[in-house]
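Q: Submitted below is the structure of interest, expressed as structure tokens.
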Amino acid sequence: MFPTLGYNSLDLEVHTTHSEDETILAGRKFAARLHAGDVIALYGTLGAGKTEFVKGICEYFHVEDVVSSPTFTIMNQYDGMQSNGDDVKLYHVDLYRINSKREFSEIGFSECMNAPDAIKLVEWAEKANDEIPANRYTISFDLDNSDENIRHISISHQGEQVLAA
């Protein structure tokens, strides 16, 4: 079964996945719209599928490294390739263990968020509050109450979208 896609009246995309593989596939499909400079804020509880979705994004960009949650390292940088053959960096940030504004400064979060040559993927984005640029994709992951394998993934965009050339 493949992820389903729907739209509500607010142009909010809603995907439903039924396995880790489908969550990865949803990430791959979402990645087709991304460009260097984009910020993706990921929200959801432990085990909700954020990292699997990021794995799909990284697959789309041909990242050769093993993609895992940077819970202890806080930030991973991956080298990827865009569909036109150009290189692109992906920053995968996990804020789960960040507890103060000082720690944001120590990890170079602001510099990372403003890097024009990279796609930034931020797990536990709620910890960043106003540190994440207003122009971003917001993705929320909700577990289904009836089946622990089902995820509802809501995607929206705030700010100006860059249109593909």
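Q: Using amide H atoms built 1.01 Å from N in the peptide plane, name the residues 5+ places from residue 80, or on other chains, whose amide H lies under 5 Å from its own.
A: Under 5 Å from the amide H of residue 80 lie the amide H atoms of 88, 89, 90, each far enough along the sequence or on another chain.
Q: Considering Cα pairs under 8 angstrom that are at least six residues apart, work out the relative contact order of the chain and quote it in whole percent.
A: Values: 336 pairs, mean separation 47.8, N = 165.
After rounding, I find 29 percent.
Q: While we're on this one: Nearest 500 deg cm²/dmol is fine: what mean residue ellipticity at 222 nm does the chain get from its DSSP H runs of n ≥ 4 alone, each adding -39,500 (n - 2.57), divided by its residue count?
A: Taken over the chain, the calculation gives -5500 deg cm²/dmol.
Q: Taking the Cα atoms of the stretch 13-158, what is the range of coordinates along each of the three principal axes, in descending order and whole Å?
A: Principal extents (Cα only, largest first): 41, 38, 29 Å.
Q: Using 19 Å as the Cα-Cα cut-off, could you pick out the over-long pairs in 50/101; 55/120; 50/120; 55/101; 50/127?
A: Numbers: 50/101 23 Å; 55/120 13 Å; 50/120 14 Å; 55/101 28 Å; 50/127 15 Å.
Over 19 Å apart, Cα to Cα: 50/101; 55/101.
Q: Once phi is turned into ³J(HN,Hα) by the Karplus curve 6.51 cos²θ - 1.76 cosθ + 1.60 with θ = phi - 60°, what whole-Hz value does each residue of the stretch 58-65 show in order, with x for glycine and proline?
A: Calculated HN-Hα couplings, in order: 5, 4, 4, 8, 6, 5, 8, 6 Hz.
Q: I've got another one for you. Out of residues 5 or more away from residue 43 or on other chains, whose amide H comes under 5 Å of its own, with H placed 1.01 Å from N in the peptide plane?
A: 139, 140, 141
Q: Under the Karplus relation 6.51 cos²θ - 1.76 cosθ + 1.60, θ = phi - 60°, what is the ordered set of whole-Hz ³J(HN,Hα) values for the stretch 35-45, x standing for Gly and Pro?
A: 9, 3, x, 5, 10, 10, 9, 10, 10, x, 6
Q: Amide H of residue 98 versus every other amide H placed in the peptide plane: which residues, excluding those fewer than 5 positions away on the same chain, fall under 5 Å?
A: Sorted by chain and number, the residues that satisfy this come to none at all.
Q: Sticking with this one: Straight-line reach from residue 29: which aspartates and glutamates have a Cα under 15 Å away, not including same-chain ones fewer than 8 places off?
A: Partners found: 13, 20, 21, 52, 59.
Q: Step through the residues of the stretch 104-110 one at a time and calculate ³J(HN,Hα) from phi using the Karplus curve (6.51 cos²θ - 1.76 cosθ + 1.60, θ = phi - 60°), rounding each to whole Hz and writing x for Gly and Pro.
A: 4, 5, 4, 8, x, 4, 4
Q: Please sort 119-127, 105-113, 28-36 by packing, taking for each peptide the average over its residues of neighbouring beta carbons within 10 angstrom, highest first. Could you put the intermediate results ahead of the total?
A: Values: 119-127: 22.9, 105-113: 14.6, 28-36: 16.8.
Highest to lowest by the protection proxy: 119-127, 28-36, 105-113.
All of the numbers you see were taken from the coordinates with simple rules; none came from a lab. Predicted, not measured: the structure shown is a model, and the values here were computed from it. Every residue, glycine as well, gets a Cβ built from its backbone with ideal geometry; the counts of neighbours run over all protein chains shown.
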